[in-house]
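The values are calculated or read from the model by the stated rules, or taken from the named source; none is laboratory data. Being a predicted model, the structure only gives us computed values, none of them experimental. Cβ atoms come from the backbone with ideal geometry, glycine included; neighbour counts cover every protein chain shown. Protein only, heavy atoms only, side chains kept; ligands, DNA and RNA dropped before computing areas. Shrake-Rupley method; radii C 1.70, N 1.55, O 1.52, S 1.80 Å.
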Amino acid sequence: MKTITSHTHAASANGVWHHLKLMPGASDDIASADGLSSLVVQQGRIVWMGAHSSLPAAFASSLSGLPPLPHFDGQGVLVTPGLVDCHTHLVYGGTRANEYAMRLAGADYEAIARAGGGIVSTVKATREATEDQLYALAAPRLEQLLADGVCAIEIKSGYGLALEPEARMLRVARRLGVDYGVTVRTTFLGAHALPPEYAGRSGAYIDLVCNDMMPSLAAAGLIDAVDVFCERIAFSLAETEQVFQAAQALGLPVKLHAEQLSDMGGSALAARYGALSCDHIEHLSDEGISAMKKSGTVAVLLPGAYYSLRDTHVPPIAALRAAGVPMAVSTDHNPGTSPALSLLLMANMACNLFHLTVPEALAGITRHAARALGLQATHGTLAVGQVANFVLWDLQDSAELVYWLGQRPKRTIVRQGRITCNDLMNQPINVLASRG
Ligand code: NIG
Ligand code: FE
């Protein structure tokens, strides 16, 4: 078994970080007069934030006889919260490059799915893979996302569609989180597609999902949330509700693949169950929007799937904005409709294709993405009490985060209180020594 030790060997970020130019919207705390902030990291958390001039003496020097905290000079570069990728199908076997080629030649996603391709072809490849094989396939994908500054990620099941292979996918997701030192939220997507052995018996399969798979996987501690693909090529509104009821009975939050190809009314249903998020939502109606607003449900925009499917139906961004529904942006990484491995590229696409503003796109991959996972108390912003997840970028203007296409800016990444990538920082300077 391949075990990654790099995270535990990464340098500690404990100390005082100063001269940080916070991304607008990164923090609800006020920056200092010169626009630069400081923060203090201890034991993997942000324990203080403010202007360097008001740094408490306890952090500035050694009052208790302990050595003083190291300090890191950010030199005024841009700092963002660690990015959050709130919708991925990262663990799977095989690829679907053949279907991509078919779609380029004119075939359409729904027709391919109905002909036994699509999700079901990935199910076949995933069922044939061992847990270690799935891990070995997913790890380099995760590394790509982490290299962009992702510090928390959602990983769905849904390519096993039976108890054992679904459990295998979720165990791989959990192991990735531990090995890489990244927050992983697992989502059970047993109701992703009808497995071939249940052809024509959709009701029996949903019963299995609700009465067997979900309780067993929840008891094993493998489920953080429950999702359904509610669509005419997947599951109906009534079947979706049955899954939501089972989730509610187990105390699990829900989310939904909703209104991607048609308006099924899934978003309003999900909102009634207090869903964390409704995702895709190209065909979301006004009723759906007001229901989501009422329940505080996040709208997760997935421009990679829109782009890959050459969709032309843009989600109702202006109406979501007017209603004040928080909008997140995610890769939706999956082999069928979004083989995307850069969250920054998705932010660019959300601006170009969906007309988000730069601040909206950046909130979409940080603050609102954390909310879509129920992680807003600990992830997605820079504030006291948050996990020490942040990225220093060799940039002055936050628009550059969204502007570059396929060029990763130089950066220093602090993930779970460890410096996991370091293009920018010199060695920490001892506070007392530097004050001479
Ligand atoms: O988010 N829409 C359904 N699920 C995935 C696609 C999965 C697949 O085609 O393998 C999505 O786009
Ligand atoms: Fe998806």
Every pair of residues 6+ apart whose Cβ atoms lie under 7 Å, when the first sits in segment 213-225 and is modelled with pLDDT of 95 or more and of a type outside the set (A, V, I, L, M) while the second is open to solvent by 30 Å² or more (accessible area, probe 1.4 Å) and part of a loop (DSSP other than H, G, I, E, B): P215/L250
Residues (within 15 Å of ligand 2 (Cβ to nearest atom) and of a type in the set (S, T, Y)) located in segment 313-361: S330, T331, T337, S338
Checking A111 against (1) under 21 Å from the mean Cα position of the chain (by Cα); (2) open to solvent by 50 Å² or more (accessible area, probe 1.4 Å); (3) within 15 Å of ligand 1 (Cβ to nearest atom), the condition it does not meet: (1)
Residue match in segment 286-304 (condition: within 14 Å of ligand 1 (Cβ to nearest atom), touching a Leu at 6+ places or on another chain (Cβ under 7 Å) and open to solvent by 10 Å² or more (accessible area, probe 1.4 Å)): no
Hey, A191 farther than 23 Å from K124 by Cβ, within 15 Å of ligand 2 (Cβ to nearest atom) and either open to solvent by less than 10 Å² (accessible area, probe 1.4 Å) or outside the structural domain of E131 (by TED's automatic domain parsing) (or both) or not: no
Residues satisfying the stated conditions in segment 114-129, i.e. within 17 Å of V172 (Cα to Cα) and either open to solvent by 20 Å² or more (accessible area, probe 1.4 Å) or more than 16 Å from ligand 2 (Cβ to nearest atom) (or both): A125, R127, E128, A129
Residue within segment 163-170 that is surrounded by 19 or more Cβ atoms within 10 Å (Cβ to Cβ), within 13 Å of ligand 1 (Cβ to nearest atom) and under 19 Å from C230 (Cβ atoms) present: no
Selection from segment 294-304 of residues that are farther than 18 Å from L356 by Cβ and of a type outside the set (S, T, N, Q): K294, G296
Filtered residues of segment 222-251 (kept if polar (S, T, N, Q), open to solvent by 40 Å² or more (accessible area, probe 1.4 Å) and more than 26 Å from T183 (Cβ to Cβ)): S236, Q242, Q245
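Yes/no matrix, rows are residues, columns are (1) more than 16 Å from ligand 2 (Cβ to nearest atom); (2) farther than 20 Å from L252 by Cβ; (3) among the aliphatic types (A, V, I, L, M); (4) in contact with a helix residue (DSSP H, G or I) (Cβ under 7 Å, 6 or more places away or on another chain):
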| position | (1), (2), (3), (4) |
| --- | --- |
| E143 | yes, yes, no, no |
| R168 | yes, no, no, yes |
| G200 | yes, yes, no, no |
| A238 | yes, no, yes, no |
Residue that is farthest from ligand 1 (Cβ to nearest atom) [pool: residues in segment 114-139 that are among the basic types (K, R) and at pLDDT 95 or above]: R127
Residue check, S338 open to solvent by 10 Å² or more (accessible area, probe 1.4 Å) and more than 30 Å from V47 (Cβ to Cβ): no
Which listed residue is among the small types (G, A, S) and without any contact (Cβ under 8 Å) to a residue 24 or more places away in the chain, from A193, A111: A111
Residue within segment 277-285 that is open to solvent by less than 10 Å² (accessible area, probe 1.4 Å) and free of Cβ contacts under 8 Å to residues at least 24 places away in the same chain present: yes
